[in-house]
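Accompanying notes for the structure given below.
The values are calculated or read from the model by the stated rules, or taken from the named source; none is laboratory data. Keep in mind the model is a prediction, meaning the values are calculated, not measured. Ideal geometry is used to build each Cβ from the backbone, glycine not excepted, and the neighbour counts take in all protein chains shown.
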Amino acid sequence: MANLHLRPGGLARPLRLALLDDDDLLRDRVLAPKLRQFGFEVTATGSAAELREVVSIGPPDIFLLDLGLPDGDGFEVARSLRAAVPRAGIIILTGRSDNVDRVRGLFEGADAYLTKPVEIDVLVATLYSVARRLEPAMAPAGHWALSPDEWFLLSPSGGRVMLSKSERLLLEAMIQHANQVVSREALIAVLTDDVDAFDPHRLDSMVHRLRRKVLAALGEPLPLNAAHGTGYVLET
């Protein structure tokens, strides 16, 4: 699989990877050496405290996390990393194969969830897949955007907010017509197939809740404003 050595986006430097696993043998004798062979710049840690020190020096491109830690909960680590380093990739690699854990890991902010044992080729392919998704996910300076999978709203400062299906459809239409007034009728048609049965006040409530949600999550207002008597405009 020589093509996996190619760096996504033509990066001139290796991808920086922080590996957190308290299994010394697996971490230092198996994972770290093999990942370095694939061109990753690996920093191996065995505890949440050590990982925090790594982040304080300079956050990596991708975190590879185990869930069972000697000094913390892996889910909480993933959640705190997603808040602190929103542009980084997060992959959970764990022995827990239960779907409840998988769903929780993804909900807490992981981009991928793999279970041990894992083939190194699968792990490397996942790492590069996450890296490729991260590059276009960066919103251009001064602009709001959707992530490639369209389930996150990305702010100009690099923050992100998870979206519901209706919020995603609404924002997709607004971003496609940024700085233009989109009529209420057009937005309602995006949200439902039964336009006549849709209460127009639901659109106003959705926009109000979305603005509050973004402000609470990111501390910055979403510039989605009403055009009186016409519709809405996303000012980017």
Legend entry - Criterion violated by G46 - all others in (1) buried (at least 18 other Cβ atoms within 10 Å of the Cβ); (2) more than 17 Å from V130 (Cβ to Cβ); (3) at pLDDT below 90 satisfied: (3)
Inset, instruction - Determine which member of the set A12, A18 is of a type in the set (A, V, I, L, M, F, W, C), outside any loop (DSSP other than H, G, I, E, B) and either at pLDDT 95 or above or surrounded by fewer than 18 Cβ atoms within 10 Å (Cβ to Cβ) (or both). - result: A18
Inset, instruction - For the stretch 64-78, enumerate the residues that are closer than 17 Å to E53 by Cβ and part of a strand (DSSP E or B). - result: L64, L65, L69, G72
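Table: residues versus (1) without any contact (Cβ under 8 Å) to a residue 24 or more places away in the chain; (2) farther than 26 Å from G219 by Cα.
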{"position": "G39", "(1), (2)": "no, yes"}
{"position": "V55", "(1), (2)": "no, no"}
{"position": "I92", "(1), (2)": "no, yes"}
{"position": "D98", "(1), (2)": "yes, yes"}
Legend entry - Residue ranges of helices (runs of 4 or more DSSP H) in the stretch 135-230 with at least 1 members closer than 30 Å to A110 by Cβ, at pLDDT below 85 and outside the structural domain of R79 (by TED's automatic domain parsing): 200-218
Inset, instruction - For the stretch 98-110, indicate whether the set of residues that are surrounded by 16 or more Cβ atoms within 10 Å (Cβ to Cβ) and of a type in the set (F, W, Y) is non-empty. - result: no
Inset, instruction - Would you check if there is a residue in the stretch 79-87 being assigned to a helix (DSSP H, G or I), among the aliphatic types (A, V, I, L, M) and within 15 Å of L19 (Cα to Cα)? - result: yes
Inset, instruction - Output the residue which, of all residues in the stretch 192-204 that are surrounded by fewer than 17 Cβ atoms within 10 Å (Cβ to Cβ) and under 29 Å from the mean Cα position of the chain (by Cα), is nearest to L153 (Cα to Cα). - result: D204
Inset, instruction - Return yes or no: is V103 in contact (Cβ under 8 Å) with a residue 40 or more places away in the chain, in the same structural domain as L64 (by TED's automatic domain parsing), in contact with a Phe, Trp or Tyr (Cβ under 9 Å, 6 or more places away or on another chain) and assigned to a helix (DSSP H, G or I)? - result: no
